[in-house]
Amino acid sequence: MSRRHSAKYKIDRRVGENIWGRPKSPVNKRNYKPGQHGQNRRSKVSDFGMQLMAKQKLKGYYGDITEKQFSRVYVEASRMKGNAAENLIGLLESRLEAFVYRAKFVPTIFAARQFVNHGHVTVNGRRCNIGSARLKPGDVVQIREKSRNIALVLEALGSPERDLPEYVDVDPKAMSATFVRVPELADVPYPVQMEPAQVVEFYSS
């Protein structure tokens, strides 16, 4: 299902962290930068470098979405009331593809994007194939009946690899999930530390 099944792990190597917490990540064995001189790169990182890495890590986590899409989400977050960093996380977690991943309908965020694009889910009873579609609290996402026996789905639902966050209410029998509320940073079960405040600094500088 995932169009970047192998290439996605390059993101882990690039940022030097297992950002999805998956056992197959090469960072688990080679915790250094890729390339011939990867093990020797120990230079001090500037403030800009730290901000850039925080942005790359967060952007990569959500399926390595395009820079144009990501910057558009930041602009929207910065215009909202409240903390821009918290708003950024809330908007990213409200994306349909992110929610499908959080609900454990599929094993990876990349698979979630393709799963949605192929029309396997409905939102409030209506078919939706746009991964970036924004969910609102109370929205119900359900796997279409003809897609419920896909091996990828059955495997993901039974996997103990990830826990369900409190803002996702899953009904396994109906293969549906309700978006309970827009989460804050502390609510999101990231396997590694995310620094959205650094991302805000990157774009605002």
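Points worth noting:
- Among residues of segment 111-125, those that are part of a helix (DSSP H, G or I), surrounded by 22 or more Cβ atoms within 10 Å (Cβ to Cβ) and not charged (D, E, K, R), counted: 4
- Hits in segment 156-179 - residues which are open to solvent by less than 60 Å² (accessible area, probe 1.4 Å), out of contact with any helix residue (DSSP H, G or I) (no Cβ under 7 Å at 6 or more places or on another chain), part of a loop (DSSP other than H, G, I, E, B) and closer than 21 Å to L135 by Cα: A174, M175
- As a summary of the residue check, N129 satisfies the conditions (1) within 19 Å of Y167 (Cβ to Cβ); (2) assigned to a loop (DSSP other than H, G, I, E, B) except for the one numbered (1).
- When the test is whether a residue is surrounded by fewer than 22 Cβ atoms within 10 Å (Cβ to Cβ), modelled with pLDDT of 95 or more and in contact with a strand residue (DSSP E or B) (Cβ under 7 Å, 6 or more places away or on another chain), D187 does not pass it.
- Residues being within 18 Å of the chain's Cα centre (by Cα), loosely packed, with under 15 Cβ neighbours inside 10 Å and touching a residue at least 60 places away in the same chain (Cβ under 8 Å) - total across segment 193-205: 0
- Set V182, V106, V153: member being open to solvent by less than 80 Å² (accessible area, probe 1.4 Å) and farther than 30 Å from Y74 by Cβ: V153
- Of all residues in segment 69-91, those being out of contact with any helix residue (DSSP H, G or I) (no Cβ under 7 Å at 6 or more places or on another chain), of a type in the set (V, I, T) and open to solvent by less than 30 Å² (accessible area, probe 1.4 Å) number 0.
- Counted residues, segment 80-103 - those being hydroxyl-bearing (S, T, Y) and over 11 Å from V182 (Cα atoms): 1
The values are calculated or read from the model by the stated rules, or taken from the named source; none is laboratory data. Quick caveat, the model's predicted, so the values are computed rather than measured. Virtual Cβ from ideal backbone geometry, glycine too; neighbours counted across all protein chains shown. Just so you know, the surface numbers come from the protein's heavy atoms only, side chains and all, with ligands and any DNA or RNA stripped out. Shrake-Rupley method; radii C 1.70, N 1.55, O 1.52, S 1.80 Å.
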